[in-house]
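Okay, so here's the structure we're looking at.
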Amino acid sequence: MPETNGLEPVATFCGNCDCGCPQLFVDPSAPAEQRIILTDDFGQRVQMSADQFSDLVSDAKAGKLDGIAMP
């Protein structure tokens with residue numbers, strides 16, 4: 001599991017198991033371009049700016065990511 005000290009938790013995706021679900025955090029001490037953090041259940045993390053995350057959320061709301069979740 002990735003280190004999360006000092007990170008502000010925002011959301012947990014899944015939560016139906018005890019396997020280390022993906023999570024969304026804000027790191028208030030990080031540079032602006034790395035402030036938003038997504039972790040996965042394999043110990044990896046992606047860091048991005050709030051603007052990049054906002055673009056991702058906008059695309060998701062517009063349905064641009066819907067095909068990814070299909071089997």
Problem - Residue selected from region 22-43 under the condition under 11 Å from the mean Cα position of the chain (by Cα) and at pLDDT below 95, by the criterion nearest to Glu8 (Cα to Cα) - result: Gln23
Completion exercise
Condition set surrounded by 10 or more Cβ atoms within 10 Å (Cβ to Cβ) and out of contact with any Ser or Thr (no Cβ under 8 Å at 6 or more places or on another chain), scope region 13-23, selection farthest from Val46 (Cα to Cα): answer is Gly15
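The values are calculated or read from the model by the stated rules, or taken from the named source; none is laboratory data. None of the values given here were measured: they were computed from a predicted structure. We place every Cβ from the backbone using ideal geometry, glycine too, and count neighbours over all the protein chains shown.
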